[in-house]
Amino acid sequence: MQKILRYADSHTGELISDLQLLIRQPSVSAKNEGIEKCAKLVQKILKKSGIKSEVIRIGKNIAPVVYGEVKSKSNPYKTLLFYNHYDVQPAEPYDLWDDPPFSGRVRGNKIFGRGSADDKGELITRIKAVESFLKINGDVPCNIKFVIEGEEETGSAHIDQYLKKFKNKFSCDGVIWEFGYVDSKNRPVVGLGMKGLLFVELSVREAKRDAHSSLAVLIKNPAWRLIQAINTLRDSQGKILIKDWYKEVKPFTKTDLKLLQSEPFDANAFRKEFGIKDFVGNKKGLEAKKALAGAPTCNIAGFVSGYAGEGAKTVLPGHALVKIDFRLVPEMDPKKQVARLKKHLKSKGFDDIQIKVFHGEAAARTNPSDPFVAKVKQSADESFGRSIVNVSNAGTGPMHSFVKILNAPCISIGSTYIFSRIHSPNEFARIDLLKKTTKCMCLIIDKFGRN
Ligand SMILES: [Zn+2]
């Protein structure tokens, strides 16, 4: 094992240059920019590391999945699957970047670029870990599978279909999730869950076109209408007021609560990073941690109506639109929640409001007592010195599909520094964390292979 870790440690140069290759190939799923090219590049990098791969497809205009596989000669009985994605968020606004977003510029301990952390940096650590075993031993301690998708940043619309169609091909005993956070004190977070998401658009049309605002005495303003409607969805403390919204919510177990209590949370650093004075509902300590791991949300993602440009324009808009995202927790069913939202608006007299559902996915959590958790935690402790176990991430990913279809525990662990500006200008990955994560992945593979 020492030889393998030494190999991983002494090949940082290649890790960086391969990551730069990936960053320099834009792969913006939202704009279908460079997706096919990036899938091919991922294959090339896998091949160079000794990992067999193929590009699999389920239809036209659907980003392909790059599937990689290494069969273990010494232990073909256990399989570890790495789930990652090769697509990235759009880089806009370009003018806020210090370097071009697809440059992969290295400055000191940081490598900059869209995708440097999310998710190309994470992907490269998994690949380099497998390469270390292959180069030193010519074998891996368990079967390795890679499922690398190209639509994660637009909501993984087809991962469910891929998993169902290739259920046997992807079958495994454990999944390492596409990312993992490292907190401000350099402790990696072993994440056991992801929240679900329901994304909707509510809109109202009143007059068939915008009007002079002097007519506000006669023509109803759809922006007011929409504001009145959304004001019934949630109270000022963040509680959602839709009937039965929390009905299926599974309370934290005793083990969950213990983990939450021991989980560090630096409220001051958090507030400082975002420049805010206090939290929703003035939450403190444990309440804030419980909310991050297990509270549903109702968030206004955008509101569009009338004129919001420079200066004044006295206009009465004919149309108003709001985009809302609801985070879901176990065992909330997105379909049921949509029905409840519709019923709520109707019962409050807002049946003129159009509802468009963009996305719905359920939450998932891995049982903290699963033996896989201890193996990952030990690996993280060995490679980083210490680690934190997190009951659930506050964000969303298609973890539920993996848990449900592959019937395998999923754990997120990785190299993404918590303030590495993912989805924002000047996104970066820290080279020290990429190195530690590569070694952590080696240790996970090793421990997973043993019974
Ligand atoms: Zn992302």
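The values are calculated or read from the model by the stated rules, or taken from the named source; none is laboratory data. Since the model is a prediction, treat every value here as computed from it, not as a measurement. Because the Cβ atoms are built from the backbone with ideal geometry, glycine has one as well, and the counts that use them run over all protein chains shown.
Computed values, structure above
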read-out	value
Any chance ALA308 is more than 27 Å from LEU241 (Cβ to Cβ) and assigned to a loop (DSSP other than H, G, I, E, B)	yes
The stretch 147-171 - residue that is crowded, with 23+ Cβ neighbours inside 10 Å and under 19 Å from VAL70 (Cα atoms) and, of those, farthest from the chain's Cα centre (by Cα)	PHE170
Qualifying helices (runs of 4 or more DSSP H) (wholly inside the stretch 221-288; at least 2 residues being of a type in the set (A, V, I, L, M, F, W, C) and over 23 Å from the mean Cα position of the chain (by Cα))	222-230
One residue from ALA408, ALA374, ALA394, ALA339 being surrounded by fewer than 22 Cβ atoms within 10 Å (Cβ to Cβ), in contact with a Cys (Cβ under 6 Å, 6 or more places away or on another chain) and over 27 Å from GLN20 (Cβ atoms)	ALA408
Residue satisfying all of: in the stretch 116-134; of a type in the set (D, E, K, R) and touching a helix residue (DSSP H, G or I) at 6+ places or on another chain (Cβ under 6 Å); nearest to the ligand (Cβ to nearest atom) among these	LYS120
Pair list, Cβ under 6 Å, 6 or more apart: the stretch 57-73 residue in contact (Cβ under 8 Å) with a residue 24 or more places away in the chain and farther than 20 Å from ASN84 by Cα, other residue assigned to a loop (DSSP other than H, G, I, E, B) and not hydroxyl-bearing (Ser, Thr, Tyr)	SER72/VAL140; SER72/CYS142; LYS73/ASP139
Cβ pairs under 7 Å, 6+ apart, first in the stretch 148-168 and within 16 Å of the ligand (Cβ to nearest atom), second assigned to a helix (DSSP H, G or I) and polar (S, T, N, Q)	GLY150/SER29; GLU151/SER29; GLU153/SER29; THR154/SER29; ILE159/SER401
Lone qualifier among ALA363, ALA308, ALA301 - being surrounded by 14 or more Cβ atoms within 10 Å (Cβ to Cβ) and either small (Gly, Ala, Ser) or free of Cβ contacts under 8 Å to residues at least 24 places away in the same chain (or both)	ALA363
Residue that is farthest from GLU361 (Cα to Cα) [pool: residues in the stretch 422-437 that are within 14 Å of the ligand (Cβ to nearest atom) and surrounded by fewer than 20 Cβ atoms within 10 Å (Cβ to Cβ)]	SER424
Among residues of the stretch 346-360, those that are among the charged types (D, E, K, R) and either in a strand (DSSP E or B) or free of Cβ contacts under 8 Å to residues at least 40 places away in the same chain (or both), counted	3
Criterion (within 16 Å of the ligand (Cβ to nearest atom) and of a type outside the set (A, V, I, L, M, F, W, C)) met by exactly one of GLY174, GLY180, GLY193	GLY180
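Okay, residues lined up against (1) farther than 20 Å from GLY155 by Cβ; (2) small (Gly, Ala, Ser); (3) within 16 Å of the ligand (Cβ to nearest atom):
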residue	(1), (2), (3)
GLN378	yes, no, no
PHE384	yes, no, no
PHE402	no, no, no
SER420	yes, yes, yes
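Quick grid of which residues meet (1) touching a His at 6+ places or on another chain (Cβ under 8 Å); (2) over 24 Å from PHE102 (Cβ atoms); (3) modelled with pLDDT of 95 or more; (4) among the small types (Gly, Ala, Ser):
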residue: ILE4; (1), (2), (3), (4): no, yes, yes, no
residue: GLY13; (1), (2), (3), (4): no, no, yes, yes
residue: LEU22; (1), (2), (3), (4): no, no, yes, no
residue: GLY50; (1), (2), (3), (4): no, yes, yes, yes
residue: TYR86; (1), (2), (3), (4): no, no, yes, no
residue: GLN89; (1), (2), (3), (4): yes, no, yes, no
